[in-house]
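Student: Submitted below is the structure of interest, expressed as C-alpha cells.
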Amino acid sequence: MNKKLIKIIFTLYFIVQFDNSIYASTLDEELKKLKEAGIPTTFEELNLPEIPDEENGALVYKKAFDLLEILWEKYREEWEYIPYVGIEEWEKLSKEKKKKISDLILNNPDFTEFYKLLEKASQMRCLFFKKEDYNKSELRLSLLICLRGCARLLNAKAKIQKENGEINNALITLLMGLRIGKSLSYELLSISQMTRIAIDVIILNQLRRFLEKEKGDVNIYYSFIEEIRKEREEVLAYLGLKGELIFGMQIFDYLNKRCEEVKKEEITEDERKKVFEELKKFYPDATEKYLQSIIENPKFFLKQQQIFYLTTMAKIIPLSKKSFRESIKELEEIKEGLKKTPETAIFMMYLPVFSRFLLQEAKLDALLGAAEIGIANKIYKQKYGKYVDNLNQLITEGILYTLPLDPFTDKDYIYKKKDKGFIVYSVGEDLKDDGGVEEKFGLKPDIVWNCEE
C-alpha cells in the first residue's frame, strides 16, 4: 500500500474538513480577509516585540531553569519533602525534618540565588522565542514545564515563610508567582496560555488560604489587586487561538509538499481499494464520488480543506474577545452549521478543544475577579474593623475603581457575610447559585473566594 498517501489522508482526518459551499472562494481571498482582520497566518506576520537581550527576562529565566536542574540533582533526597504543591507528606514531617527543609529553601545559597533570578525575571518583559524558533516544539514544552515548576517552588517557599510567621514575605513570594504567569504574555498556542492559567490557579489558591486568618501589609494587598486587574484585562484565548491558526497553516504547507511527492509514485488498484476502505471508515456518510476524488486529486482536496479551515478559524478566533456566554452560543451555532455537511462531522471532534479553552479562561477570570474583591474586602476590614455589608462599599471607599463582574453571567458576584468572615463567588459554568459550594467529585458548582476567621 502507498503509505505516504495513507499518512496524508490520516493527517487530514485530524486537522481539516470539507464543505461544498466554499468552492466559490479561493485560498488567496480567505488569506486576504484574515489579514484585513488583523489575524496573522504566518510567523512572519506576527507583531512580536523587539526586546534587547539586556531587557529580556527570558534570558534570566534560562539561568534559573539551569539552576533548577542542578538543585533537583543535588538535593534529590530532600526534594520529595518540599511542600511543592502543598503535599500531605509535609504535614507528616517531624519538626527536625521540617526545619532542615525550611533552612534549605530559605537559607541555602543555591536556593537563594534561584529565587533571586525568579524575582528579577518576573519583573521584566519576556520573549522566549523569536519567530524562527517556533518550530522547536521540544523547547516550548521544556519552557512550560520549567515555569510551572518555578511557580510550585515559590508556592513552597511562601508556605514555609507563612509557617515561620513571615506573612508579608510569604505574600511577596506569591506576588512574584503571579507575575511569573505573565511572563508568557507573548507566547503563542493554547497550551502556553493553559500553563499560564495553571500557574495563576496554583498561586491564587495558596493566597486564599493565607488570607483566611492572617493579616498582611495593605500595600502588598494593593499590589495584588493591581496585578489581578491587569491579568483580567488580558485575553489569553485570543493569543492562543492565533497561534493555533498559524501552526495549522504550517501543517498545510507540509502536507502540500507531501502531495507533490505522492504524485510521483504509482498506486496499484489493490492499494487504491485499501485507501478507499480506510476513507470510508473516517467519512461514513460521504459519497463514493467524493471519496474517489480524494484519492484521485489529494492536492485539490487539501486546498479545499485549507480554505474551510481558514473560514472556520476566522469565525472562532474573534469569539475569544466576547463574553463567555456569547462565545459559547456562537460556537454552538458553528457546530450546528457543520452538522449540515456530512464531510465536516469529524471537525466537531476538534471544536471541544476551543470550547474547553474558552471555559478555562472564563474560570480563571471568575477566580481572579473573586480574588480581587476578596483582597479588597481584607483591606476594608483592616481599615474599619469589619467586612463590607455590600460590595459597592469597596467603590465608595476608593479601594476598588470598579467591581469585577461574574464572566459567566455578566452580573455582580454573589457576596455573603458570615459571623466570622465572608464568601464571594461566581455561579460558574452551570449558571446555578449553589450557595458557594466549590467543585467536588467532578461537579460544576460555584467558583469561590472565602475567608474564615
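Throughout, read-outs are computed from the coordinates displayed, never taken from laboratory work. Note that the structure is a prediction, hence the values are computed from the model and not measured. We place every Cβ from the backbone using ideal geometry, glycine too, and count neighbours over all the protein chains shown.
Student: If I stretch the segment between residue 412 and residue 120 completely, what's the gain in nm (0.36 nm per residue apart, minus their alpha carbon distance), one decimal? Walk me through the numbers before you get to the answer.
Tutor: Details: separation 292, 0.36 × 292 = 105.12 nm, distance 3.68 nm.
Net length gain for the segment: 101.4 nm.
Student: Now for a different question. Just to be sure I understand the model, the point goes 7 Å from the Cα along the line to the Cβ. What's the resulting residue 437 to residue 253 distance in nm?
Tutor: It works out to 5.2 nm between the two label points.
Student: Continuing with the same structure: Given a cut-off of 31 Å, name the pairs among 230/386; 120/378; 74/120; 62/242; 35/322; 116/321 whose C-alpha atoms lie farther apart than that in the structure shown. Intermediate values should be presented prior to the final figure.
Tutor: Working: 230/386 28 Å; 120/378 28 Å; 74/120 24 Å; 62/242 26 Å; 35/322 20 Å; 116/321 36 Å.
With Cα atoms farther than 31 Å apart: 116/321.
Student: With a 10 Å Cβ neighbour count serving as the proxy for reagent exposure, in which order, fewest first, do 422, 247 appear?
Tutor: Values: 422 20, 247 15.
Ascending number of Cβ neighbours within 10 Å: 247, 422.
Student: Using the Cα centre of the stretch 95-193 as the reference point, and only Cβ charges (+1 on K/R, -1 on D/E), how large is the resulting charge dipole? Debye, rounded to the nearest 20. Working shown, then result.
Tutor: Numbers: 19 positive and 11 negative charges, 45 e Å.
That gives the stretch 95-193 a dipole magnitude of about 220 debye.
Student: In nm, give the distance between the simple-model label positions of residue 32 and residue 74, each being 7 Å from the Cα along the Cα-to-Cβ direction.
Tutor: 6.1 nm
Student: With a cap of 16 neighbouring Cβ atoms within 10 Å, and only residues DSSP puts in a loop, list the trypsin sites (Lys or Arg not before Pro) found in the stretch 367-428.
Tutor: Numbers: sites: 378, 381, 383, 386, 411, 416, 417, 418, 420; in loops: 386, 420.
Hits after loop and neighbour filter: 386, 420.
Student: Let me ask another. Student exercise: in the stretch 142-222, how many lysine pairs 8 or more apart or on different chains have Cα atoms under 16 Å apart?
Tutor: Working: 159/213; 159/215; 162/213; 162/215.
Lysine pairs meeting both conditions in the stretch 142-222 amount to 4.
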